[in-house]
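The values are calculated or read from the model by the stated rules, or taken from the named source; none is laboratory data. Note that the coordinates shown come from a computational prediction; the quantities given were computed from them, not determined experimentally. Backbone-built Cβ (ideal geometry, glycine too); neighbour counts: all protein chains shown.
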């Protein structure tokens with residue numbers, strides 16, 4: 001499954017919010033040296049209860065809008 005995600009780095013806490021058919025992920029790490037990307041993968045894997053290797057950024061490494069590929073069966077009702 002592929003999700004379009006918008007990232008908001010340096011938030012007060014990690015959370016996921018669905019806004020206008022777009023998933024917004026608030027992350028506490030800054031968007032510097034890939035820290036926010038690493039935290040995004042870790043955070044989504046915990047929220048969806050899947051392994052980290054099952055979450056992959058396929059487009060938007062340096063952008064706030066990203067396409068995320070998720071392998072396997074994930075609990076999308078958690079979002």
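Given the structure, is residue 58 at pLDDT 90 or above, under 12 Å from the mean Cα position of the chain (by Cα) and surrounded by fewer than 16 Cβ atoms within 10 Å (Cβ to Cβ)? Outline the logic, then answer.
Details: at pLDDT 90 or above: yes; under 12 Å from the mean Cα position of the chain (by Cα): yes; surrounded by fewer than 16 Cβ atoms within 10 Å (Cβ to Cβ): yes.
So residue 58 passes the test.
From the list 29, 35, which residue is out of contact with any strand residue (DSSP E or B) (no Cβ under 9 Å at 6 or more places or on another chain), crowded, with 17+ Cβ neighbours inside 10 Å and either modelled with pLDDT of 95 or more or more than 19 Å from residue 70 (Cα to Cα) (or both)? If you could, list the steps in order and put the result at the bottom.
Values: 35 fails: crowded, with 17+ Cβ neighbours inside 10 Å.
The match here is 29.
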